[in-house]
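What follows is a set of notes on a single structure, which appears directly below.
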Number of protein chains: 2
Amino acid sequence: MGNIIIGSKSKDSPRSKESIREENELIILFAAEKVFAKHGLKGSTTKQIADMAELPKSNIHYYFHTKLNLYRCVLESILVDWMKAADTFNTFEEPREAIRYYVGAKMDLSRVRPFGSKVWANEIISGAPEMEIVLSSRLKKWVDSCVSSINSWVKLKKIVDVGDAHTLLYMIWATTQHYADFDYQVMILNNGKRLTDSEFEEKKQEVIDLILRSVGLNP
Amino acid sequence: MGNIIIGSKSKDSPRSKESIREENELIILFAAEKVFAKHGLKGSTTKQIADMAELPKSNIHYYFHTKLNLYRCVLESILVDWMKAADTFNTFEEPREAIRYYVGAKMDLSRVRPFGSKVWANEIISGAPEMEIVLSSRLKKWVDSCVSSINSWVKLKKIVDVGDAHTLLYMIWATTQHYADFDYQVMILNNGKRLTDSEFEEKKQEVIDLILRSVGLNP
DNA sequence: ATGTAGCCTGTCTAGTTAGTCAAGAACTTA
DNA sequence: TAAGTTCTTGACTAACTAGACAGGCTACAT
């Protein structure tokens, strides 16, 4: 009894120090992501996070010292996933494939990790007080390379002239992240039912097609 | 001296009780919109709002009683503007004009009232605890009529088959509101400079063109 | 087995915050 | 001008919160 508890502490076999820290940090990060997504940095309390993680509040402070530090760790951990998706944009020569894969990857992220997207959304809406440097360095650099990809496609007449390439990029971000950030609204307007996996795959394809057409490509 | 103070209290001529209440409520609503946009409901303090409004904290409570009530009033006041823009969608028969005007109106709102958009974004991200009823009644009804407009355009072959009409609607919302909600990010990626009015007009046109093309219309 | 380093947690505290209240100021009306 | 109403505001309070900390516990090396 109690041997096959998955994702929980086993009371039978002792855990190594290393795995204890690793596991607890992950549990806390995951719980914090959820709570921060719902209430923002200031609106979240360490008690809420502790309850979500099913740990005493002191543990949160033991592992992450301060709420702000935990918040930054959550943002960083999300960024890792985002950057992976971002890479797909520059691994394809042809705009059709690049857009298809990038939009698909962003939609998948919205589905799999909606809380992460929400935490970032909150952070940006609040004026990115903690992530300004990331935005103006890492993100800016990636966006610049993206913009020049798009511009080269325009020059080669592979897509129509979209004007400022940022506009296209914003449309892609905004639309894909909408399914994470505003999932509650999407649910209500879907007659109160959360999108099923197959419904979501449909929407993903529709979004890809809309965006492909928006740059003059036939899906 | 002090007679021509615009938008501020004159110390010379006494104000009528009626205008005092009206003016102060507006000042507080405006200040609250700004503060709530930045910090969310829980993250904002009545002291911050009071400071923004340049009034003692007690005045906030005198006029709006509780923070939650003030928050609801802010949301309601934004909704009025949103619904006005929403109306434009159904006043045009032709999809090209309907989309052009609706997207234009939403972009203008993002420019003129970015804080309002942010407050709503925060509210939806948090699961719309205060505005659930508005979403599932007023908004749902409007969206349904929009969706049938779009579907009829598809049936009449005026636009391409976009699949679920909601997807198109979400793309329009997400993209236009991006310029309000993520204005800070937009600024950073615009080399740290806020978009000028004429730059914004350019982007507005680009967004309109992207969306028109996405449904198979030639801008 | 025994020491030590790291894990765990209940309790405490200093600081913050929403909302109250009472007393006074300003406008209104008769 | 005098009474009545509404506006204004500093001071206060009860509730909450981030974080500190001491003392106990557990793994692990020697």
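Every number in this text was worked out from the coordinates using simple rules, so none of it is lab data. Just so we're clear, the structure is a prediction, and the values are computed from it rather than from any experiment. Quick reminder, even Gly has a Cβ in these numbers, built from the backbone with ideal geometry, and neighbours come from all protein chains shown.
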Exercise for the section: With θ set to phi - 60°, apply the Karplus curve 6.51 cos²θ - 1.76 cosθ + 1.60 along the range B:202-219 and write out the HN-Hα couplings as whole Hz, x wherever there is a Gly or Pro. Expected result: 4, 4, 4, 5, 4, 4, 4, 5, 4, 6, 4, 5, 4, 9, x, 9, 8, x
Problem - the range A:97-113 residues near the modelled A:Asn218 label - backbone nitrogen below 18 Å, point 7 Å along Cα→Cβ - result: A:97, A:100
Fill in the blank from the handout: Quick note on B:Ser44, A:Ser16, A:Ser152, ordering by fewest other C-beta atoms within 10 Å, gives A:Ser16, A:Ser152, B:Ser44
Fill in the blank from the handout: Shielding of B:117-124 by other chains, given as the mean Cβ count within 10 Å, works out to 4
Exercise for the section: Please go through the range A:71-158 and write out the chymotrypsin sites (Phe, Trp or Tyr not before Pro) that DSSP classes as loop and that have at most 16 other C-beta atoms within 10 Å. Expected result: A:Phe92
Problem - Above-threshold pairs, the threshold being 29 Å between Cα atoms, out of B:Lys106/B:Lys155; B:Lys67/B:Lys203; A:Lys84/A:Lys203; A:Lys67/A:Lys118; A:Lys118/B:Lys57; A:Lys155/B:Lys38 - result: B:Lys67/B:Lys203; A:Lys118/B:Lys57; A:Lys155/B:Lys38
Exercise for the section: Find the relative contact order for chain A and round it to a whole percent, using C-alpha pairs within less than 8 Å whose residues are 6+ positions apart. Expected result: 20
Problem - Backbone HN-Hα couplings from phi across the range B:186-195 [Karplus 6.51/-1.76/1.60, Hz, Gly and Pro as x] - result: 4, 4, 4, 7, 9, 6, x, 10, 4, 4
Problem - Note, ³J(HN,Hα) from phi for the range B:132-149, Karplus 6.51, -1.76, 1.60, rounded to Hz, x at Gly and Pro - result: 4, 5, 4, 4, 7, 10, 4, 5, 3, 4, 5, 4, 4, 5, 4, 4, 6, 4
Practice task
Using only the Cα atoms of the range A:19-79, construct the convex hull and provide its projected area averaged over every direction, in square nanometres to one decimal.
Solution key: 3.6
Exercise for the section: Starting from the coordinates of the alpha-carbon atoms of chain B, obtain the Kirkwood hydrodynamic radius over all distinct pairs and give the value in Å to one decimal. Expected result: 19.5
Exercise for the section: Quick one: angle between helix A:114-125 and the longest Cα principal axis of chain A, in degrees between 0 and 90, rounded to 10, please. Expected result: 70
Practice task
For A:Thr196, put the label point 7 Å out on the Cα→Cβ axis and report which residues of the range A:86-118 keep their amide N under 20 Å from it.
Solution key: A:108, A:111-112
Fill in the blank from the handout: Output field shielding_mean for A:175-187 (other chain Cβ, 10 Å radius) holds 6
Completion exercise
The helix A:67-87 Cα axis meets the longest alpha-carbon principal axis of chain A at an angle in degrees, between 0 and 90 and rounded to 10, of 40
Handout entry: Cα-based helix-to-principal-axis angle, B:17-43 vs chain B, degrees rounded to 10
Key = 60
Completion exercise
Scaled by the rule-of-thumb 2.2 N^0.38 Å, the alpha carbon Rg for the range B:100-172 gives a ratio of 1.28
Fill in the blank from the handout: Computed from the beta carbon distance with a Förster radius of 41 Å, FRET efficiency for B:Ser137 and B:Arg21 to the nearest 0.05 stands at 0.85
